[in-house]
Every structure is written in C-alpha cells, then in structure tokens.
Amino acid sequence: MKTTKVIVPWREGLHARPAAGLVRRIQNLRSRILLRVGQRVADGRSILAVLTLCAVCNTAIEIQASGEDEDLAIKVVESMFVDVACDDQQAAEGEGPAETGALPESN
C-alpha cells in the first residue's frame, strides 16, 4: 500500500470538472484508490464519492493506493493535482471570457 498527500489547487475546489478528470485518469488502473479528507473517505472510481469529500481550495487530501500498480496509481493521481492547466487556472490569469464575463465578439 502506498500513500501520499496532495493539496487541492483549484480556486473552486475539487468540483465536477476536476473530479471527472480524476475518475477518468484512474479508470484503467488495477489498484484500489481511496481519497481521504478528515473522516470522509471516497472511492476514486466514483465521481459522486469524490464530490462528497467537499474539498475546497487548499484542502489536503490523503491518497491511498493498494494493488499491483499502486506506484503508478499514486503518480497518476499526484499529476492531476500538479497539472493545474485547466479552466480555473486560465481564469485566474485573466484569459478568456471567464475572467471578464464578456462573450467573444462575433462578426
């Protein structure tokens, strides 16, 4: 069994989009992956369970992987929390309509 801790980097927390990405990334792994926030524990393959963690920005999440590819599983999950090149990051940097609330101009 391998464990690690990650910090939720997204301004809106571990909401639907990153949770769905996490579940997609670990679907083909053979190890059992659990996410723990305090007393709450979620199966990493269940988007509903992941969302019920209610992990807001800067929340520490303990990741536990057990199985034949547990080393890979830990790396895959960690990479999800390091790779913040998502819509939240773009909005934080002022790119696109998410920051200004404006719609793109049409001709």
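Computing FRET efficiency as 1/(1 + (r/R0)^6) for Arg25 and Asn58, where r is the C-beta to C-beta distance and R0 is 25 Å, gives about 0.70. Within the stretch 2-84, the proportion of Cα pairs with more than 18 Å between them is 30 percent. Using 0.36 nm per residue and subtracting the Cα-Cα separation, the extra length available between Leu72 and Arg17 on full extension is 17.6 nm. Measuring nothing but how far apart in sequence close Cα pairs (under 8 Å, 6+ apart) lie, relative to its length, the stretch 2-84 scores a relative contact order of 44 percent.
Placing +1 on each Lys and Arg Cβ and -1 on each Asp and Glu Cβ, with no other charges, gives the stretch 2-84 a dipole about its Cα centre of roughly 180 debye. With a simple spin-label model that places each label point 7 Å from the Cα along the Cα-to-Cβ direction, the separation between Asp43 and Ser79 comes to 2.5 nm.
Values in this text are rule-based calculations from the coordinates and carry no lab data. Not measured: the values here are computed from a predicted model. Here Cβ is always computed from backbone atoms with ideal geometry, including for glycine, and neighbour counts include all displayed protein chains.
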